[in-house]
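Scroll down for the structure; my scribbles are underneath it.
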Amino acid sequence: MAVIELPVKGDAKGPAASRGSLVAALDIGSTKISCLIGEVVSQNRRTADGKEASALRVLGFGCQASRGTRNGTIVDLDQAERAIRLAVDAAEKMAKRTITQVFVNVAGGKPQSNSYAASVETETGQVTTRDIEAATRAALAQGHQPGRRTLHTAPAQFHLDDARGIAAPLGMFGKTLTAEVNVVSAEPAALRNLALVIERCHLSVADYVVAPYAAARSVLAEDEIKLGVTLIDMGGATTGVASFHDDQLVFADVIPIGGMHITHDIARGLSTTVAHAERMKTLFGSAMATVIDDRETIAVPLLGERGVDTIYHAPKSMLTGIIRPRLEEILEMVRERLDQASFARLAGSRVVLTGGGSELTGVREIAGQWLNRQIRLGAPMPVAGMPEAARSPAFATAFGLINYALRPDVHHAAGIARQAMKEAQTGYFRRVGKWIADSF
């Protein structure tokens, strides 16, 4: 029997990790593998619901050049295991603690985001928790795809008769309740390979988080997620897209093109090594042409040449002419995916760029032209103990994973059952109290 995971509207985040406990994140990218170890600490204050507020303090950080991965997928178990071991070992030595499980990002396995809708007749003419559960369960049942594994589920919105875009229909009057949900899934083979290589490092997977959603957890402000925003995570070999509305993830996708494709284009176009192409992209690369680019030159080491003719000087305009077309291709693919997504329109006109590729000069301006939206650059929000070397958009996914570990999402049907029972008990005791007050 298949178990359908149901999120609870209004309680999308699960219980926070207990104070003093360790949480760990493992960002397996195509250019680098990062490991973060954090400790949950108290903030000595209470949240609005009366619970003790908690935060993270980074204890350990490790980073290694990625090996054995391609486009977010494991392609060589031995190489990937070696790189993961080195990153985890560096983080454990810095933290002076040992970890047993990690939260890991998912960029491979062809992640897909699909929306589903289902309608039910309300039992009493007034929406109850049972009605919400029935509508959500019916919508999610449509999203059960053989050969796919669900990573995230989120109710985008509800409709009640002719009223659309309802966030919390509980208690409202109407005949027909429609639930629209968003399901993010991936191919299970890619997830099993991730789990296998992590288990070979004597670790276990605490949870999988699709990469752009993880990056969003460290970059986006609360008001942005509520009002609507699209995050574009420009990684080494992939570009992730995540759209949010009303505190919910409404769309997610991963495009298999990233910054390394720009580097390879430079290496081919200028006949140089990949290492020198990456260096030129970092130091001199720009997506925007200037009037002096034809007069400025850059030194280009020729691939395979030796002696006095190993270096030649090329105008900077050649570098810009190679970078911009590939960047425009990436943004065009992002625009097409957003135009095709039914829920992405809820995200509004604001876009946040993050990831190592967003640090390229001129990316913000080109993105604004192609997407026709308000653009800002996003970096991980400050965390206690954050290393100076990690305070850049390139580590947004790693810090998003550890923020997710602090308070993961709820994805189980029991949440709705508990909510219904709690409401029933509250209503019963309220009626008993009213009867006592009226009688005595």
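What follows draws every value from the coordinates through simple rules; no lab data is involved. Since the structure is predicted, the reported quantities are computational estimates derived from the model, not experimental observations. Cβ atoms come from the backbone with ideal geometry, glycine included; neighbour counts cover every protein chain shown.
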Exercise. Return the sequence-ordered ³J(HN,Hα) values of segment 327-338 in whole Hz as given by the Karplus equation 6.51 cos²θ - 1.76 cosθ + 1.60 applied to θ = phi - 60°, using x for Gly and Pro.
Key: 4, 5, 4, 4, 5, 5, 5, 4, 4, 5, 5, 5
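Of the listed peptides 59-66, 315-322, what is their order by residue-averaged count of other C-beta atoms within 10 Å, with the highest listed first? Present the calculation step by step, with values, prior to reporting the outcome.
Details: 59-66: 19.9, 315-322: 17.9.
Top of the packing list down: 59-66, 315-322.
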Quiz item: Anyone know which of Y208, Y404, Y312 comes out most mobile in the 10 Å Cα GNM of the chain?
Solution: Y312
Exercise. Diagonalise the Cα gyration tensor of the chain and give the resulting equivalent ellipsoid semi-axes, square root of 5 times each eigenvalue, largest first, whole Å.
Key: 44, 25, 19
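Ignoring everything except DSSP H segments at least 4 long, calculate the 222 nm mean residue ellipticity for the chain; use -39,500 (n - 2.57) per segment, divide by total residues, nearest 500. Show your work: numbers first, answer last.
Details: 11 runs with 154 residues, N = 440.
Helices in the chain give a 222 nm mean residue ellipticity of -11500 deg cm²/dmol.
Once R0 is set to 41 Å, what does the formula 1/(1 + (r/R0)^6) return for the Cβ-Cβ distance between Q142 and D76, expressed as a FRET efficiency to the nearest 0.05? Display every interim value, and only then the final one.
Values: r = 37 Å, r/R0 = 0.91.
According to the calculation, E is roughly 0.65.
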Exercise. Once you've got the GNM for the chain with C-alpha springs shorter than 10 Å, pick whichever of L283, L371, L56 has the biggest mean-square fluctuation.
Key: L283
Quiz item: With springs only between Cα atoms under 10 Å, which of G68, G143, G108 fluctuates most in a Gaussian network model of the chain?
Solution: G68
Quiz prompt | Amide N of segment 307-351 lying under 11 Å from the label point, which is placed 7 angstrom from the Cα of M172 along Cα→Cβ | solution = none
Quiz item: In sequence order, what are the phi-derived ³J(HN,Hα) couplings for segment 112-129 according to the Karplus relation 6.51 cos²θ - 1.76 cosθ + 1.60 with θ = phi - 60°, rounded to whole Hz, with x for glycine and proline?
Solution: 10, 10, 10, 10, 9, 9, 8, 10, 9, 8, 5, 6, 10, x, 10, 5, 10, 4
Quiz item: What does a probe at Y312 reach in segment 254-269, counting residues whose amide N is under 14 Å from the point 7 Å along Cα→Cβ?
Solution: 268-269
Quiz item: So how do 147-155, 29-37 stack up, highest first, on mean other-Cβ count within 10 Å?
Solution: 29-37, 147-155
